[in-house]
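Heads up: the structure comes next, in structure tokens.
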Amino acid sequence: MLKKFISAVIAISLVMGMCSCSDSSTTETKKNPTASQSASGEPFKPGEDVVSPTAAYQFVPAADISSDEKFLIGANEFSVDLFRNTVMKDLENGKNTLVSPESVLFALGMTSNGAKGDTLKQMQNVLCKDVDTDTFNKNMNKLMTSAQSSSDFKFSIANSVWVKDMQGMTLTEQFARSCKQMYNAEMFKAPFNDETLKQMNNWVNEKTDKMIPKIIDEFGDDTAAVLLNCIAFDAKWEKPYEKKDVVENREFNLQSGKKVNCSMMHSEEKLYVSDDKSQGFIKNYKGGKYAFMAILPNEDVSLSDYVKSMTAQSFAKMYAGKTTQYQVLASVPKFKYDYSAKLNDTLKQMGITDAFDGEKADFSGMTEQQKLFISNVLHKTHIELDEEGTKAAAATAVTMDVSGALPAKEDIKEIRLDRPFAYAIMDTQTGLPVFMGTVCDPTAN
């Protein structure tokens, strides 16, 4: 049985500008999206040890960047479900976690453009309930268009599709057009050898500002294509911490009962959030488009139990219910760590099953010559939070194989994050989380 590999890498981030949007014209430049050409326009030579673009169209930025309400509800539900189902085991073992739902949405969103039949229905239902592919693409395009870097922050989103130079592996025009026009995906054809592997990882390293230097370890013998998405975030606090606000050697209580010393940052915040099991605060990044939301479970509720009980509705209600009624005396530890997870079981549990089945998967909308199915969905993230601000990145790899066929004083709230807590980096315009994570030990890398 042949095995072919499509990797979709999303390198997460939060607040940055698009790093792959050099093509902003809305006109089509070519009519043959599968023609193999080098950067100089010369025909690509099979086996040549270079990477050659096969892009046929140009990115078409959205004229209106306001997201559809149905899309926001569906994307929020996917985000919370993905976070909860992915991190539970690691969380129960006391590990720090971090996922970028937006990164996974971009990676699987591109992939879904090649799906048909029940495979497509399952992906649509899980990624964004009751939203068809065309509407989903348009709303992801709006996220791409609105992700502009500024002097206040940097938020970048980059997508690419790499196709192996082999007989019988040609992308359909519909798939290539959707990936380019809606997702601004760069298109490449390459021999998929060690040099190609190096170039792919270098591409990811560059697009994530060197926060995720590697996403793919090796190609399978029959690797056919790789879809990559990278997101990178770098933002300063609207009100940065001063030296006097940082206290060293403060105790942080682990869920095991042990204590560790960490650097704790103190501030007064104006936005307070709460539900029946937790309370927290929101701290804006400079520019106001993104914000950090900290969630501290009540003392009688463990972090793992809290995350297990989270729903899209409770998360959205908490963020929407933010209030300036209280003055918040907030304390948050500095932390820096990496996280990685294999999302196969999570996505199957959420309802994407046929896509992983070599007999049932239908990705004939991606290529008509081979019968593909998803073999792995890998996810890597990185975050650094300190006095100045936050840097974060995420990468998601979707690998595809070929089957046999193809206030007043009394209104003061004190929130001290000195025990395990959850957090999210929020897009304040859409209300969607770009990143969601938990800190069980701020001293662990």
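A few points about this structure:
- For segment 380-398, the set of residues classified as assigned to a strand (DSSP E or B) and open to solvent by 10 Å² or more (accessible area, probe 1.4 Å) consists of K380, H382, E384, K391, listed by residue number.
- Residue under evaluation A8, criteria (1) open to solvent by less than 50 Å² (accessible area, probe 1.4 Å); (2) modelled with pLDDT of 95 or more, criterion not met: (2)
- Residue in segment 186-207 that is open to solvent by less than 10 Å² (accessible area, probe 1.4 Å), under 21 Å from the mean Cα position of the chain (by Cα) and among the aromatic types (F, W, Y) present: no
- Of the strands (runs of 3 or more DSSP E) lying entirely inside segment 159-256, those containing at least 3 residues that are among the small types (G, A, S) are 225-236.
- Contacts under 7 angstrom Cβ, first residue in segment 173-199 being over 24 Å from K214 (Cα atoms) and among the aliphatic types (A, V, I, L, M), partner at pLDDT below 90 and crowded, with 20+ Cβ neighbours inside 10 Å, 6 or more apart: A176/P33; A176/A56; A176/M187
- The lone exception for P442 - which of (1) part of a loop (DSSP other than H, G, I, E, B); (2) at pLDDT 95 or above; (3) surrounded by fewer than 20 Cβ atoms within 10 Å (Cβ to Cβ) it fails: (3)
- Test result for G280, surrounded by 15 or more Cβ atoms within 10 Å (Cβ to Cβ), assigned to a loop (DSSP other than H, G, I, E, B) and of a type outside the set (S, T, N, Q): no
- In summary, strands (runs of 3 or more DSSP E) completely within segment 288-379 and bearing 3 or more residues that are surrounded by fewer than 21 Cβ atoms within 10 Å (Cβ to Cβ) occur at 327-333, 335-342.
- Subset of segment 70-90 [more than 21 Å from N137 (Cβ to Cβ) and crowded, with 24+ Cβ neighbours inside 10 Å]: F83, T86, V87
The values are calculated or read from the model by the stated rules, or taken from the named source; none is laboratory data. It should be emphasised that the depicted structure is a prediction, and the values quoted were computed from it without experimental measurement. Don't worry about glycine lacking a Cβ; one is built from the backbone with ideal geometry, like all the others, and counts go over all protein chains shown. Accessible surface areas use protein heavy atoms only, side chains included; no ligands, DNA or RNA. Shrake-Rupley method; radii C 1.70, N 1.55, O 1.52, S 1.80 Å.
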